[in-house]
Amino acid sequence: MSFERKRRRRQGALSSTAALLLALLAATAQGGCARRQPPAPAVVYPYSSQVRRTFFATDSGLSELTFQGEAEAEMPASQAPHASVLSSDGRVILVAVNGWGVERVELSPDGSSYRLADSPQPGFNGLTAGGAWPLAGGFLVQLYRDPFLERAAAPGAASGAAPSPARLFYMDAAGLLSLPSPFPPGLEAGFEPFAILPAGGSWFAELRKDGAERVSLKFFALDSPLGSSLSAREIRRADFESALSPLPLSALAGGEGASLRTALGALGRGPWLARLRSGAGEDRWYLSSGRPEEAQNVYAWSLGGPAGGERSLVLTGDGRLAAADALKASVTELEAPAPGAQFTALAASATSAAAAWEAGTFPSISSAGVMILPLPR
C-alpha cells in the first residue's frame, strides 16, 4: 500500500472517530437536558407593602373584586364568608376565611411587597372560624359549630358534605392539619368545643352540648392545645370567667402599657375595652375604666420594640387607627370599604397592618373582607 493511500485511510479513520465522539457528546448532552428539571418558578409578590388595598372575602378565599349581587345577599355572620379572624407571627399575617380556609399574607424577603398564599380547607365546611393565634412556630386555628342555625345553608354545604368533626387546626410549614382533641377521651358524647382562649400562660375552653330541652356546658383549663389530653383539667364556670375577665389598663406595665395608653388617649377619653394581641401570641382584654358593658370595644396590636421603645396600634370600629409609642401618637382614618362597614379585627407584620371589616345588618353580613395597609409610623 502506498504512503498516500495509508495517509488517506488514517485520516478517514480519524474523521470517523471524531464524528463518533461528537455524536456521543451530543447524545450525552441531550440526555442530560432530558434529565435536568426545569428551574422552579420565581415566587412573585404582586402587592406593594406601601399601597393600601382592600380584599373581599368570598366562598373561594380573598379576592380583589367582589362579585355581582354579593353585596345584596345577606347571610348570618356564622355562615357568611368573612375575614374577621386574623393573626400574625410578625412575619406572616394569617386570615381565616370563614367556611373556606386560610390565606397567608406573606412578605417578600425585603418586606417591600407581599403575596396571598391560598390554603383552602375542606375541614372548614359548615363551621365558623372562632380564633387564630401564633403558637410553637405555626398557627392554631379554632372553629366551632353554630348551634342556632341550620348548617345546610353554610358556604360549601351544597356539596352535601357534613361538617368536619375537627375543631382545632394547626398550620406549620407542611400546611394546615387537624389536631386530635385535647379534651379527656371519656368526655360525655355530644359536647363540642365552642370557644378557646389563652390567658396568663394557660388556655381556657368552653364546651357545649345542645339538647332538646337544655344546653349543657363544661369548662376546661389546658396547658396547651397541642399537648396531651391528660393535661386538661375541668374547672368551674366562675373560674373560666374569672381567668378571661378584662384586666385594668393600669395593670399593663412597661413600654407596652405606656404605648397602649398613649394610643388610646389619641382616640379620645373612652372608656375603652381593648383586646390586645401580639406576634408572640398574647391575647388579653384591658379596661381603661368603668364597666366592660359601658366601654367602647377597640382592637389593639403590640408591635414590640426595644425596652422603652415599644409601639402599639389601636383600631376603632369606625376606622380610626392610632399608632403610638410611650410619648406620641398619630391617627390614620381608614375609609369604609362598603357603605356602613365596621372594622372588626387587627393584626400586623413587620411592614403591614391588616384590618378586617364587615358590612350588613346585625347579625347578618352582606360583604366583608380585609384591608392591607402600610404599617403606620
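Numbers below:
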{"quantity": "Label-point gap, in nm, between Val44 and Ala280 - each point 7 angstrom along Cα→Cβ", "calculated": "3.9"}
{"quantity": "Extension gain, Ser60 back to Ser231 (0.36 nm per residue minus Cα-Cα distance, nm)", "calculated": "57.8 nm"}
{"quantity": "Inter-probe distance in nm under a simple model that places probes 7 Å from Cα toward Cβ, at Asp318 and Glu74", "calculated": "2.2"}
{"quantity": "Amide H contacts under 5 Å for Ala353, placed H, 5+ residues apart", "calculated": "Leu373, Leu375"}
{"quantity": "Estimated distance in nm for a label pair at Ser224 and Ser119, the labels positioned 7 Å out from Cα along Cα-to-Cβ", "calculated": "1.8"}
{"quantity": "Relative contact order computed over the range 290-377 (Cα-Cα under 8 Å; 6+ residues apart), in percent", "calculated": "19"}
{"quantity": "Label zone at Arg377, where the point sits 7 Å out along the Cα-to-Cβ direction: the range 312-352 residues whose backbone N lies under 14 Å", "calculated": "330, 351-352"}
{"quantity": "Sites Ala350 and Ala173, calculated FRET efficiency, Cβ-Cβ separation with R0 22 Å, nearest 0.05", "calculated": "0.70"}
{"quantity": "Charge tally in the Cβ shell below 14 Å around Leu321, where Lys, Arg are +1 and Asp, Glu are -1, Leu321 excluded", "calculated": "+1"}
{"quantity": "R0 of 30 Å, Cβ-Cβ distance Gln37-Arg91: FRET efficiency to nearest 0.05", "calculated": "0.55"}
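FYI, it's all coordinate maths here, none of it is from the lab. Because the structure is a prediction, the values reported are computed rather than measured. Reconstructed Cβ throughout: ideal geometry from the backbone, glycine too, with neighbour counts over all protein chains shown.
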